[in-house]
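The block underneath contains the structure these notes are about, expressed in structure tokens.
The values are calculated or read from the model by the stated rules, or taken from the named source; none is laboratory data. Quick caveat: nothing in here was measured; it's all calculated off a predicted structure. Methodologically, a virtual Cβ is constructed for each residue, glycine included, from the backbone with ideal geometry; neighbour enumeration extends over all protein chains shown.
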Amino acid sequence: MTPLIILDEEYDRTFSSDGASRLGGYLRQRVHLFADDWEPLSPVLYAATVWGIATAPVMTPPYARVSSAVWGIDCRHADEPGVLAVTLDVRIPWPRDHRDDDTLRGWADWCRIRCWDRTLDQLVEPGDDRRAALFVARLRVPIAEDYLPIPDRFNTADTLVAKCAIAAIADEVNGVAGPVVAMLRELDAAGAGR
């Protein structure tokens, strides 16, 4: 199974301006984001903040690279205390049993674009001039605060702590949501020839 999130340590180190970490530079430029009324952020808010910095569009190319199977990924403080909510949106083609259904005649599905440098087809929206019935699976992965590192009160731009927070998100998403996304892509591949 291909991981949904890959942490690109080599690129981060090789192309850093300080010889240590590109992510570290981005964190230092945004140190103002790491305090809430002059108090350090909770582990959940800290993880959500560093995730937003380590991914596109802030870091391009990103430190945390997300698989093309995932269209969107978001990290935020959950409604429940002490929980980070990670939400993934995965575009799903029509179920193969309904692709030739008369009810869907004249309706467009996601358009498939073969990418030369990727193993998965990209699913893109059809033109706005067509009716479209587009399915998206939304996966939600809750991560308990206990699983996240505690930020240093006096060094909130600590690259090691930030990378630990991002790794905790990647590990949980890859372990829990990865098999579900793989299953959805397998179902799509099985029906792609119809």
Inset, instruction - State whether one or more residues within the stretch 52-62 are farther than 12 Å from I166 by Cβ and more than 20 Å from the chain's Cα centre (by Cα). - result: no
Inset, instruction - Taking the options A137, A168, A162, A144, name whichever one is under 15 Å from V70 (Cβ atoms), surrounded by 13 or more Cβ atoms within 10 Å (Cβ to Cβ) and at pLDDT 80 or above. - result: A137
Legend entry - All helices (runs of 4 or more DSSP H) inside the stretch 1-117 with 1 or more residues being among the aliphatic types (A, V, I, L, M) and at pLDDT 90 or above: 22-29, 43-54
Legend entry - Of all residues making up the stretch 64-80, the number that are in contact with an Asp or Glu (Cβ under 8 Å, 6 or more places away or on another chain) and not aliphatic (A, V, I, L, M): 3
Legend entry - Candidate set from the stretch 118-132 (those that are modelled with pLDDT of 80 or more and loosely packed, with under 11 Cβ neighbours inside 10 Å); member that is farthest from G178 (Cα to Cα): D129
Inset, instruction - Examine the stretch 120-134 for a residue that is closer than 18 Å to V66 by Cβ, within 20 Å of the chain's Cα centre (by Cα) and assigned to a helix (DSSP H, G or I), and state whether such a residue exists. - result: no
Inset, instruction - Please go through the stretch 135-181 and pick out each residue that is more than 15 Å from the chain's Cα centre (by Cα), in a helix (DSSP H, G or I) and of a type in the set (G, A, S). - result: A162
Inset, instruction - Enumerate the pairs (first residue in the stretch 82-101 and within 20 Å of G178 (Cα to Cα); second residue anywhere and aromatic (F, W, Y) and surrounded by fewer than 20 Cβ atoms within 10 Å (Cβ to Cβ)) with beta-carbon separation below 6 Å, excluding pairs fewer than 6 apart on the same chain, so at least 6 apart or on different chains. - result: D89/W71; R91/W71; I92/F135
Inset, instruction - Determine which single condition Y63 fails, assuming it passes every other condition in (1) out of contact with any His (no Cβ under 7 Å at 6 or more places or on another chain); (2) of a type outside the set (S, T, N, Q); (3) farther than 26 Å from D8 by Cα; (4) surrounded by 14 or more Cβ atoms within 10 Å (Cβ to Cβ). - result: (3)
